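Notes follow the structure.
The values are calculated or read from the model by the stated rules, or taken from the named source; none is laboratory data. All figures in this text were calculated on a predicted structure; none of them were measured in a lab. Neighbour counts are summed over all protein chains in view; Cβ atoms, including those assigned to glycine, are modelled from backbone coordinates with ideal geometry.
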Amino acid sequence: LELLRAGKRFALVTVLSARSPSALKAGSKAIVEEDGSTHGWLGGSCTTREIVDLCVRIMAGDGGQFVHSLETCQGGVVEVLIEPFGARRELLVVGEHSELIASITEIARVVGFQVTHLSVTPSDKAEALDRLGGFLRSVRPENLYALVATMGSDDQLFVEKILRVRPLYVGVVASKKRAEAMRRWLLAKGIPEELVERVRSPAGIDIGARALGEIALSIIAEVVKYSNTQLSTGLVASQPETQPSDLFVDPVCGMLVEPLSLHFTIIEGKRTVFCSEQCKRVFESNPQRYSPESNA
């Protein structure tokens with residue numbers, strides 16, 4: 001229950017049968033986390049290690065139930081049931097419905113991602129940005145991968161909003177020229193360079209893709225590569241914590257605000273952040289009132 005509440009993924013292992021010679025006993029159970037740590041005892045160190053490795057691979061996949069027969073070091077045979085639980089890898093795909101997005105969604109689901117498609121059309125971008133904000137508040141960033149495929153139509157607005165929650169991966173379907181223009185725009189908006197550099201654009205690994213299905217495959221291959229690298233290096237659960245010294249003061253109400261707050265304004269090249277849209281509007285109505293000189 002503690003693992004579920006924490007949003008962590010784990011697998012429950014049950015020994016269904018054991019044929020001697022084997023140290024494992026039918027009915028034994030254990031919990032295996034994504035990083036390979038275990039709770040409970042199955043017996044037989046070499047077989048247990050093999051089961052743990054199998055659990056980790058399964059949890060990186062589609063999350064179904066699996067029954068496996070394994071030969072033990074002593075020559076016996078055990079049959080185990082592996083049941084994954086908890087958070088799955090979440091892939092957010094942003095863009096108007098197209099053959100490319102349909103292919104991306106299909107391939108992503110095959111390799112085990114929970115896919116959410118946020119549809120965006122030229123007439124509903126503002127509404128889509130609001131829906132994106134609601135979605136980002138509902139998911140855990142340590143499980144989130146995001147792909148923006150609005151084909152150059154205000155893609156920077158969606159990327160900016162996604163970057164603020166620091167997901168594991170952000171990819172953009174764009175040309176190299178468009179990717180560089182977006183990078184400059186994000187930096188001008190005050191997004192830290194280390195976050196901007198994490199954006200993969202053009203998204204996908206080089207497989208010489210030409211057809212839409214091949215392009216989709218190259219993109220999901222890159223997402224899987226990032227996912228598996230983070231899993232094997234133990235980076236999945238690590239999210240930077242904001243220290244008090246990293247916070248800014250809302251000039252209107254005095255609250256401490258994270259530097260990547262969604263509520264900010266830029267006046268004469270200076271970026272000011274706020275706790276809410278209301279404080280932002282109050283500030284913008286009379287910026288001089290909150291200048292250091294006026295408070296001297």
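Mind checking whether some residue in segment 174-185 is assigned to a loop (DSSP other than H, G, I, E, B), out of contact with any His (no Cβ under 7 Å at 6 or more places or on another chain) and of a type in the set (Ser, Thr, Tyr)?
Kept after step one, since they are assigned to a loop (DSSP other than H, G, I, E, B), are these residues of segment 174-185: 174-175.
Within this subset, residues satisfying the condition of being out of contact with any His (no Cβ under 7 Å at 6 or more places or on another chain) are 174-175.
Then drop every residue that is not of a type in the set (Ser, Thr, Tyr), which leaves 175.
There is at least one residue in segment 174-185 that is assigned to a loop (DSSP other than H, G, I, E, B), out of contact with any His (no Cβ under 7 Å at 6 or more places or on another chain) and of a type in the set (Ser, Thr, Tyr).
Go through the residues of segment 130-145 one by one and say whether even a single one is buried (at least 20 other Cβ atoms within 10 Å of the Cβ), at pLDDT 90 or above and farther than 24 Å from residue 224 by Cβ. No, segment 130-145 contains no residue that is buried (at least 20 other Cβ atoms within 10 Å of the Cβ), at pLDDT 90 or above and farther than 24 Å from residue 224 by Cβ. For segment 260-270, the criterion of being modelled with pLDDT of 75 or more, among the basic types (Lys, Arg) and in a strand (DSSP E or B) is met by at least one residue.
When the test is whether a residue is out of contact with any Asp or Glu (no Cβ under 7 Å at 6 or more places or on another chain) and either at pLDDT 90 or above or not assigned by TED's automatic domain parsing to the domain that holds residue 203 (or both), residue 152 does not pass it. Would you call residue 66 under 27 Å from residue 220 (Cα atoms) and at pLDDT 85 or above? Judged against the criteria, residue 66 is not a match.
Given the criteria assigned by TED's automatic domain parsing to the domain that holds residue 141, at pLDDT below 90 and of a type outside the set (Asp, Glu), does residue 175 qualify? Break it down into steps so the answer makes sense when it comes.
Details: assigned by TED's automatic domain parsing to the domain that holds residue 141: yes; at pLDDT below 90: yes; of a type outside the set (Asp, Glu): yes.
The answer is yes for residue 175.
In this entry, residue 161 passes the filter for residues that are out of contact with any strand residue (DSSP E or B) (no Cβ under 7 Å at 6 or more places or on another chain), in contact (Cβ under 8 Å) with a residue 60 or more places away in the chain and in the same structural domain as residue 122 (by TED's automatic domain parsing).
When 187, 256, 163 are checked against the criterion of being aliphatic (A, V, I, L, M), at pLDDT 90 or above and surrounded by fewer than 16 Cβ atoms within 10 Å (Cβ to Cβ), a single residue qualifies: 187. Only one of the listed residues (245, 294) is at pLDDT below 70, touching a helix residue (DSSP H, G or I) at 6+ places or on another chain (Cβ under 7 Å) and farther than 30 Å from residue 105 by Cα. That residue is 294. Kindly establish whether residue 206 is of a type outside the set (S, T, N, Q), over 17 Å from residue 105 (Cβ atoms) and assigned to a loop (DSSP other than H, G, I, E, B). Considered against the rule, which asks whether it is of a type outside the set (S, T, N, Q), over 17 Å from residue 105 (Cβ atoms) and assigned to a loop (DSSP other than H, G, I, E, B), residue 206 comes out as yes.
Given the options 126, 108, name the one that is assigned by TED's automatic domain parsing to the domain that holds residue 219, buried (at least 18 other Cβ atoms within 10 Å of the Cβ) and within 24 Å of residue 164 (Cα to Cα). Can you show your working first?
On the way: 126 fails: buried (at least 18 other Cβ atoms within 10 Å of the Cβ).
Step by step, each of 126, 108 is checked, and only 108 is assigned by TED's automatic domain parsing to the domain that holds residue 219, buried (at least 18 other Cβ atoms within 10 Å of the Cβ) and within 24 Å of residue 164 (Cα to Cα).
Could you tell me whether segment 203-216 includes any residue that is at pLDDT below 85, surrounded by 12 or more Cβ atoms within 10 Å (Cβ to Cβ) and either in contact with a strand residue (DSSP E or B) (Cβ under 6 Å, 6 or more places away or on another chain) or under 30 Å from residue 34 (Cα atoms) (or both)? No - not one qualifying residue is present in segment 203-216.
What are the residues in segment 12-57 that are small (Gly, Ala, Ser) and in contact with a Gly (Cβ under 9 Å, 6 or more places away or on another chain), if any?
Narrowing segment 12-57 to residues small (Gly, Ala, Ser): 17-18, 20, 22-23, 26-28, 30, 36-37, 40, 43-45.
Matches in segment 12-57: 18, 20, 22, 23, 28, 30, 44.
Taking segment 132-152 as the region of interest, how many residues are of a type in the set (A, V, I, L, M) and either more than 11 Å from residue 92 (Cβ to Cβ) or assigned to a loop (DSSP other than H, G, I, E, B) (or both)? Show your work before the answer.
Looking only at segment 132-152, we keep the residues that are of a type in the set (A, V, I, L, M), and these are 132, 136, 139, 144, 146-149, 151.
If we keep only those that are either more than 11 Å from residue 92 (Cβ to Cβ) or assigned to a loop (DSSP other than H, G, I, E, B) (or both) as well, we get 139, 149, 151.
Final tally of qualifying residues: 3.
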